[in-house]
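Undergrad: My questions will all concern the structure given below.
A short reminder: the numbers here are calculations on the coordinates, not readings from a lab. These numbers were taken from a predicted model, which means no experiment stands behind them. Cβ: placed from backbone, ideal geometry, glycine included. Neighbour counts: every protein chain shown.
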Amino acid sequence: MKGILLLGGFDYIVTQFGEKPLKEAQKKCHLRKMILPFSDVDEESIKCLINELSINLGLSSKEIMEKVGYYWTLKKAPEFYPQFYEKYNRSVREFLINLNYIHKVVVENVVSSKKLNPPEFEVIREEKNYILLRYISKRNMIHVAIGAIKGLGQYFKEDIKVVKQSDDTMLVHFIQNLSS
């Protein structure tokens with residue numbers, strides 16, 4: 001995983017809970033080196049951090065991942081990738097339908113020691129009031145994606161509900177536009 005998402009997660013933890021729980025988790029997981037946006041961070045370190053933060057904060061791993069995903073999409077991703085928020089600025093639906101393209105453009109434009117491997121999203125079914133999405137990733141971090149999609153709802157001022165259907169599918173239900 002690239003450091004950019006992890007740094008967004010660190011920002012969320014420090015903003016909401018202060019530096020102490022993060023520093024304790026980093027120490028316990030032996031994650032002391034400097035992390036830059038395009039640093040490679042191994043999966044085991046990520047899992048360790050999530051588990052330690054879960055213990056330190058009294059939140060489940062699922063809650064932490066969803067909160068980090070939400071924060072990332074609402075606060076950090078628009079800073080790092082404003083061009084996508086400007087181009088796909090009409091709705092959550094439009095953004096989700098273009099998410100694989102967005103990830104492809106990011107991957108093609110990053111010089112890295114390791115190949116980026118962002119999750120993919122397959123639209124299984126699309127109807128007027130919902131999209132059924134398949135989350136495709138070896139990381140098993142669907143809850144980050146769920147939180148990120150909830151963040152998109154807030155960003156685009158849409159009332160949506162995201163429900164995990166299985167370990168790799170989620171239903172995004174479009175309820176109404178919040179600005180109406």
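Undergrad: Rounded, prolate or oblate for the range 27-90? Axes are the square roots of the Cα gyration tensor eigenvalues, ordered a ≥ b ≥ c, and the cut-off for rounded is a/c under 1.5. Write down the numbers at each step before the final one.
TA: On the way: a/c = 3.29, a/b = 1.60, b/c = 2.06.
Taking the square roots of the gyration eigenvalues as a ≥ b ≥ c, the range 27-90 is oblate.
Undergrad: With n ≥ 4 as the cut-off for DSSP H runs, can you work out [θ] at 222 nm for the chain, using -39500 (n - 2.57) per run divided by the number of residues, rounded to the nearest 500?
TA: So the calculated ellipticity at 222 nm is -15000 deg cm²/dmol.
Undergrad: Moving on to the next point. Report, to the nearest 10°, how far helix 142-155 tilts away from the longest principal axis of the Cα atoms in the chain, using its own Cα long axis and a range of 0 to 90°.
TA: Orientation of helix 142-155: about 60 degrees from the principal axis.
Undergrad: Hey, any idea what the orientation-averaged projected area of the convex hull of the range 64-177's Cα atoms comes to, in nm²?
TA: 7.0 nm²
Undergrad: Now for a different question. Under a Cβ-Cβ cut-off of 13 Å, what is the net charge of the residues other than Trp72 that fall near it, where Lys and Arg count +1 and Asp and Glu count -1? Working shown, then result.
TA: Working: positive: Lys2, Lys67, Lys75, Lys76, Lys150; negative: Asp11, Glu66, Glu79.
Overall, the nearby charge balance is +2.
Undergrad: Gain in length, Glu122 to Tyr81, computed as 0.36 nm per residue apart minus the alpha-carbon separation, to one decimal in nm?
TA: My answer for the length gained is 12.6 nm.
Undergrad: So which trypsin sites (Lys or Arg not before Pro) in the range 1-88 are both in a DSSP loop and have at most 11 other Cβ atoms within 10 Å of their Cβ?
TA: Arg32, Lys33
Undergrad: May I ask which of Lys20/Lys67; Lys76/Lys150; Lys76/Lys161; Lys104/Lys150; Lys62/Lys161 have a Cα-Cα span longer than 20 Å here?
TA: Check vs 20 Å cut-off fails for Lys76/Lys161; Lys104/Lys150.
Undergrad: Another question about this same structure. With +1 assigned to the C-beta of every Lys and Arg and -1 to the C-beta of every Asp and Glu, and no other charges, what is the dipole magnitude of the chain about the Cα centre in debye, to the nearest 20?
TA: Around 200 debye, computed over the chain.
Undergrad: Calculate how steeply helix 3-17 sits against the longest principal axis of the alpha-carbon atoms of the chain, using the helix alpha-carbon long axis, and give the answer as 0 to 90 degrees to the nearest 10.
TA: Taking the Cα atoms of the chain, the angle to 3-17 is about 80 degrees.
Undergrad: Something else about it: Can you give the three extents of the C-alpha atoms in the range 3-60 along their principal axes, from longest to shortest, in whole Å?
TA: Taking the Cα atoms of the range 3-60, the three principal extents are 29, 22, 18 Å.
Undergrad: How many angstrom lie between the C-alpha centres of the range 3-80 and the range 158-174?
TA: 23 Å
Undergrad: Please check which bits of the range 52-79 a label hung off Asn140 would reach, taking the label as a point 7 Å along Cα-to-C-beta and the cut-off as backbone N under 18 Å.
TA: What the label zone holds, given the 18 Å backbone N cut-off, is 52-55, 60-66.
Undergrad: Over the Cα atoms of the range 129-180, how large are the radius of gyration and the largest Cα-Cα distance (Dmax), in Å?
TA: 11.3, 39
Undergrad: Please list, in chain and number order, the residues 5+ apart from Asp159 or on another chain whose amide H is under 5 Å from its amide H, with Hs placed from the backbone.
TA: Those lying under 5 Å, H to H, from Asp159 are Ile175, Gln176, Asn177, Leu178.
Undergrad: Right, here's the next one. Could you please report the charge total around Ile146, scoring K, R as +1 and D, E as -1 over all other residues with beta-carbon less than 14 angstrom from its beta-carbon?
TA: Within the 14 Å Cβ shell, the charges total +3.
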